[in-house]
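I have placed the structure first, in the form of structure tokens, so that the comments after it can refer back to it.
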Amino acid sequence: MSILVVGSVALDTVRTPSGYAEETLGGSATYFSVAARFFADVLLVAVVGEDFPAEHVQFLESRGVDLKGLKRVGGKTFRWEGEYLLDLNEAKTIRTDLNVFEHFRPVIPEEYRDADVVFLANIDPELQLDVLRQVSRPDLVACDTMNYWIRHKPRQLRKTLEQVDMFFLNEAEARELSGEGNVVRAARYIQTLGPSIVVIKKGENGALLFHGEKMFWAPAYPLEVIHDPTGAGDTFAGGFVGYVSREGDMSPRSLRKGLVYGSILASFNVEDFSLRRMATVTADDIERRFEEFRHLTSFEVL
Ligand code: AMP
């Protein structure tokens with residue numbers, strides 16, 4: 001199974017209560033790719049500038065991410081600067097320098113066009129739609145967004161959603177998009193816009209999965225120390241989409257396990273800044289934590 005991902009590859013500067021990291025590897029597509037790669041082939045389409053460090057390209061290569069679609073163009077790489085205060089669920093954006101991302105028009109390489117799964121990471125919904133025009137009908141289209149697009153491109157986002165099967169968003173975004181205060185009602189409404197599967201991320205409080213008429217909830221893996229929540233959402237989506245792609249199966253069982261794998265991958269990611277923890281985590285670590293998770297959430301077997 002191959003997953004095409006289109007999104008940002010960035011240099012992030014992040015401050016959290018436990019420290020500070022400057023100009024480190026980030027971006028929605030980066031986090032997604034590294035997480036999804038534990039389960040499936042990943043084909044990355046993104047743009048970076050001339051200043052993008054070779055070591056980051058080598059890191060992605062070492063994880064086996066296909067980089068034929070990573071374009072390097074004249075100018076500076078997209079930069080994001082953010083801060084987390086005591087509430088680690090909410091990033092405060094300090095600066096967004098679009099740089100080469102401003103004129104990014106994703107061109108999907110010929111050999112990527114029949115990918116089985118497409119993940120539209122957080123970019124302008126018009127570009128997301130443009131990606132869907134370039135691919136032959138994939139088995140699954142999954143999508144992420146952010147409050148900026150809900151506010152500034154609502155019509156375009158709705159048009160994209162008509163073609164999306166699986167939609168990831170956080171609680172606040174779900175409320176804003178639906179105009180519903182209640183998260184369950186919000187998800188039910190969002191399902192009427194197109195995606196039959198809606199995943200609402202609730203940070204430390206886990207994630208809710210709505211598929212057809214069914215509903216499932218999984219907690220976040222409890223951690224004593226969280227160093228940097230950046231990329232948790234994209235890593236979560238990478239774990240989830242990666243797992244269900246590998247299974248090649250959208251059954252309720254597969255979706256539920258996918259949600260748990262998403263939670264597990266995200267829990268590793270937040271243990272350190274940037275992708276430092278994701279660089280050392282192994283498939284065995286993931287399986288071990290999956291079993292711990294089973295134990296932690298089971299109230300029938302001791
Ligand atoms: P997450 O914490 O999973 O929501 O995503 C964090 C990543 O999103 C960071 O690494 C940023 O580089 C990236 N990011 C922040 N703002 C934007 C934006 N406007 N467009 C694309 N990517 C962004």
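In segment 57-79, is there at least one residue being in a helix (DSSP H, G or I), in contact with an Asp or Glu (Cβ under 8 Å, 6 or more places away or on another chain) and within 13 Å of the ligand (Cβ to nearest atom)?
No, that holds for no residue.
Identify the residue in segment 229-257 that is open to solvent by less than 20 Å² (accessible area, probe 1.4 Å), over 16 Å from residue 5 (Cβ atoms) and assigned to a helix (DSSP H, G or I) and, among all such residues, is nearest to the ligand (Cβ to nearest atom).
255
Table: residues versus (1) within 12 Å of the ligand (Cβ to nearest atom); (2) within 19 Å of the chain's Cα centre (by Cα); (3) without any contact (Cβ under 8 Å) to a residue 40 or more places away in the chain; (4) open to solvent by less than 40 Å² (accessible area, probe 1.4 Å).
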site: 87; (1), (2), (3), (4): no, no, yes, no
site: 120; (1), (2), (3), (4): yes, yes, no, yes
site: 123; (1), (2), (3), (4): yes, yes, no, yes
site: 127; (1), (2), (3), (4): yes, yes, no, yes
site: 133; (1), (2), (3), (4): no, no, yes, no
site: 137; (1), (2), (3), (4): no, no, yes, no
site: 142; (1), (2), (3), (4): no, yes, no, yes
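For the subset of segment 161-202 comprising residues that are among the charged types (D, E, K, R) and in a helix (DSSP H, G or I), which member is farthest from residue 118 (Cα to Cα)? Write out each step before concluding.
The initial filter retains those residues of segment 161-202 that are among the charged types (D, E, K, R), namely 162, 165, 171, 173, 175-176, 180, 185, 188, 201-202.
Checking which are in a helix (DSSP H, G or I) leaves us with 171, 173, 175-176, 185, 188.
On the way: 171: 23, 173: 22, 175: 25, 176: 25, 185: 27, 188: 23 Å.
Looking at the filtered set, the residue picked out is 185.
Counting only residues that are outside any helix (DSSP H, G or I) and open to solvent by 40 Å² or more (accessible area, probe 1.4 Å), which one in segment 105-118 is nearest to the ligand (Cβ to nearest atom)?
Just the residues of segment 105-118 that are outside any helix (DSSP H, G or I), to begin with: 105-109, 113-118.
Applying the additional criterion that residues be open to solvent by 40 Å² or more (accessible area, probe 1.4 Å) yields 105, 107, 113-114, 116.
Working: 105: 15, 107: 18, 113: 23, 114: 26, 116: 23 Å.
Applying the filter and picking the extreme gives 105.
Please return the ranges of strands (runs of 3 or more DSSP E) entirely within segment 1-55 where 3 or more residues are more than 14 Å from the ligand (Cβ to nearest atom).
2-6, 41-48
The values are calculated or read from the model by the stated rules, or taken from the named source; none is laboratory data. Please read all numbers here as calculations on a predicted model, not as lab measurements. Please note: Cβ atoms are built from the backbone with ideal geometry, for glycine as well, and neighbour counts cover all protein chains shown. Please note that ligands, DNA and RNA were not included when accessible areas were found on the heavy atoms of the full protein model with its side chains. Shrake-Rupley method; radii C 1.70, N 1.55, O 1.52, S 1.80 Å.
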